[in-house]
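Enquirer: Have a look at the structure that comes next, please.
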Amino acid sequence: MDILIGLQWGDEGKGKIIDLMSRDYDIIARFNGGANAGHSIYHHGERITLKLLPSGIFYAHIDNIIGSAVVIDPLALKSEIDLVETLVQDSLENRIFISKKAHLVLPTQRYWDIFLEESPRYPSIGTTKNGIGPSYAHKALRQNVRAGDIHSARFGEHVYHILSRQYDELEVLGQSMPPLEKLYRNFMEACEFMQKLQIIDTEIFLNQALSTNKKVLAEGAQATFLDIDHGTYPYVTSSNTIASAACVSLGVSPKLVNRIYGITKAYCTRVGNGIFPTEISDPAASDLREKGNEFGSNTKRPRRVGWLDLPALRYAVMLNGVTDLVLTKADILNGMATVPVCTDYDIQGNKTALASLAFAGADVQPIWKFLPGWNDTKCEISDPTTLPEELRAFVSFLEEDLNVPVKYLSVGPLREQLITLAH
Ligand code: GDP
Ligand code: IMO
Ligand code: MG
């Protein structure tokens, strides 16, 4: 099994790269998060943003797995499947396999998320308000409903019991919501739709596939610095996002992991609150945001932007055990005379080359290096030697610093805008 994860704060281009890599795999298995993700893929010239479906969904030969640590909003899943089925003019039922153990996001959990974000008594994390945190919290409290419960005779009763309890709690807190019966009806309708899908022991399916030499790629959502344990807590998501989490969620032993692809943009972005040492301010920020179209794929929020952060990237490479790098959005920096890169932090007078950002404060000051910029990333896709010399030097600089080869260089959002670098 191979794994692909984000090395920054998300939106590195995972969707585009996994869509392309799917040509070489039999199975794509999403292992964390929920409908908070937004993985963009250009399919026949149209941009599609996947939230829950694995990014191999556009290939007929791919089996798509949703693993046990994913939290599934049945309504979001239904509308996503409807959309993709319309686009591919085919039924997806036979190609989607959902772990029985995956937890469902209840409509009341969305309102918990909204309540926690909007109440002045709680810190605002800047979540996507998809109910992700409350769903994982209720999982830990052992109060959730799982996908495997859907076929049970008393499923409706079970859901109603939990939903009405959460509804009452939220009402006491003053959260406004649509009527309970309406939330229940819509949720049950989407669950009925889910009954048609294959809700199985995905860990058995995957291990049997691996034992017959099928190729599996585990797809991460969010990214390293949003990891609940290792990220910039409390400004994180509520799941484990790093490579080792793929094994837990998918029920595949670490001894079966082969390549670990780590993906980074040529600069940095972040949506939501929390530390961002290399963040830049206007007018440079607006310029980079516009050029890079850095607006949330999911929530449309403007993304915060900044330059590449090597102390953080070195840490992410270490934490994930990255074997291959993927560098995206190099084209967005076209035309810059020099490209700023943070090589170290100055933390109260101490030069720091490798940093966990988990307890970092405002005293983290970037130390900059300015690398020569490049003019154009257009080149013969089959021939990386036609890339501008400065961009090749930028890639070599990263490879030497991180001691990991760059396998893919992405120079645009479209499928064909990808260069495989030979080593
Ligand atoms: P993900 O969450 O990691 O899948 O990334 P998103 O899809 O949320 O955000 C990445 C955005 O950048 C999407 O709009 C992609 O279409 C786009 N994109 C991906 N790779 C490249 C690239 O190399 N260059 C440019 N210009 N856009 C890219
Ligand atoms: P992909 O997979 C970028 C951020 C939110 C917020 C924090 C917590 O597309 O890279 P949550 O809704 O998860 O409780 O929000 O995490 N966040 C993301 N940022 N890309 C994502 O996913 C994200 N998923 C969550 O903005 O700061
Ligand atoms: Mg995204």
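Enquirer: With a cap of 16 neighbouring Cβ atoms within 10 Å, and only residues DSSP puts in a loop, list the trypsin sites (Lys or Arg not before Pro) found in the stretch 365-423. List each step's numbers first, then the result.
Expert: Working: sites: 369, 378, 392, 407, 415; in loops: 378, 415.
Taking the stretch 365-423 and a limit of 16 other Cβ atoms within 10 Å, the loop trypsin sites (Lys or Arg not before Pro) found are 378, 415.
Enquirer: For a quick check of understanding: with a 1.4 angstrom probe and all protein chains in place, what accessible area in square angstrom does residue 116 have, to the nearest ten?
Expert: Surface open to solvent at residue 116 totals about 60 Å².
Enquirer: How would the stretch 366-406 be classified by its alpha-carbon gyration tensor: rounded, prolate or oblate, with rounded meaning a/c under 1.5 and the a/b versus b/c comparison settling the rest?
Expert: Working: a/c = 3.47, a/b = 1.48, b/c = 2.34.
Oblate is the answer for the stretch 366-406, as a/c is 1.5 or above yet b/c matches or exceeds a/b.
Enquirer: Check cross-link reach from residue 378 to the aspartates and glutamates: straight Cα distance under 12 Å, and skip same-chain residues fewer than eight apart.
Expert: Answer for residue 378, where 12 Å is the Cα cut-off: 331, 416, listed by chain and number.
Enquirer: Within the accessible area of the stretch 115-272, what % is carbon and sulfur when the probe is 1.4 Å and the other protein chains stay in place?
Expert: Numbers: 3860 of 7450 Å².
Carbon and sulfur atoms account for 52 percent of the accessible area of the stretch 115-272.
Enquirer: Rg and Dmax of the chain, using alpha carbons, in Å: what are they?
Expert: 21.5, 66
Enquirer: If packing is taken as the average number of other Cβ atoms within 10 Å across a peptide's residues, how do 346-357, 309-320 rank, most packed first?
Expert: Working: 346-357: 13.8, 309-320: 23.2.
Sorting 346-357, 309-320 by mean packing, highest first, produces 309-320, 346-357.
Enquirer: Would you work out the charge dipole size for the chain about its Cα centre, treating the Cβ of every Lys and Arg as +1 and the Cβ of every Asp and Glu as -1, and quote it to the nearest 20 debye? Let's see the in-between values first.
Expert: Details: 41 positive and 50 negative charges, 130 e Å.
With Lys and Arg at +1 and Asp and Glu at -1, about 620 debye.
Enquirer: According to a simple spin-label model (label point 7 Å from Cα along Cα-to-Cβ), what is the distance in nm between residue 416 and residue 86?
Expert: Each label point is offset 7 Å from its Cα along the Cβ direction, giving 2.8 nm.
Enquirer: A further question follows. Under 22 Å from the Cα of residue 51, which lysines turn up, not counting those fewer than eight places away in the same chain?
Expert: 14, 16, 78, 100, 101, 129, 139, 196, 265, 300, 329
Enquirer: Let me ask another. Mind pulling the angle between the C-alpha long axis of helix 74-88 and the longest principal axis of the chain? Nearest 10 degrees, somewhere in 0 to 90.
Expert: The two axes meet at around 60 degrees.
Enquirer: Using the per-residue mean of other Cβ atoms lying within 10 Å as a proxy for protection, in what order, highest first, do the peptides 20-26, 176-182, 270-276 fall?
Expert: On the way: 20-26: 17.4, 176-182: 11.9, 270-276: 20.7.
Descending mean neighbour count gives 270-276, 20-26, 176-182.
Enquirer: Moving on. Using modelled amide H (1.01 Å from N, peptide plane; none on Pro or chain starts), what sits under 5 Å from the amide H of residue 43, excluding residues fewer than 5 places away?
Expert: Distant-sequence amide H within range of residue 43: 48.
Enquirer: Do any trypsin sites (Lys or Arg not before Pro) in the stretch 111-162 lie in a DSSP loop with no more than 12 other beta carbon atoms within 10 Å, and if so, which? Could you put the intermediate results ahead of the total?
Expert: Values: sites: 121, 129, 139, 142, 146, 154; in loops: 121, 129, 142, 154.
When the trypsin sites (Lys or Arg not before Pro) of the stretch 111-162 are filtered for loop state and at most 12 Cβ neighbours within 10 Å, 121, 142, 154 remain.
Enquirer: Is the stretch 141-257 rounded, prolate or oblate when judged by the Cα gyration tensor, a ≥ b ≥ c being the square roots of its eigenvalues, rounded requiring a/c under 1.5 and prolate requiring a/b larger than b/c? Each step should come with its number before you reach the end.
Expert: Values: a/c = 3.02, a/b = 1.44, b/c = 2.10.
Judged from the Cα gyration tensor, the stretch 141-257 comes out oblate (a/c at least 1.5, b/c at or above a/b).
Enquirer: Sort 235, 408 from largest to smallest accessible area, using a 1.4 Å probe on the heavy atoms of the protein chains.
Expert: Values: 235 70, 408 25 Å².
The ranking, largest first, comes out as 235, 408.
Enquirer: The stretch 346-398: which chymotrypsin sites (Phe, Trp or Tyr not before Pro) are DSSP loop and have at most 13 other beta-carbon atoms within 10 angstrom? Could you put the intermediate results ahead of the total?
Expert: On the way: sites: 359, 368, 370, 374, 394, 397; in loops: 359, 374.
Passing sites in the stretch 346-398 are 359.
The values are calculated or read from the model by the stated rules, or taken from the named source; none is laboratory data. Here the structure is a predicted model, which means the values were calculated and not measured. As a convention, Cβ positions derive from the backbone with ideal geometry for all residues, glycine included, and neighbour counts pool all protein chains shown. Please note that ligands, DNA and RNA were not included when accessible areas were found on the heavy atoms of the full protein model with its side chains. Shrake-Rupley method; radii C 1.70, N 1.55, O 1.52, S 1.80 Å.
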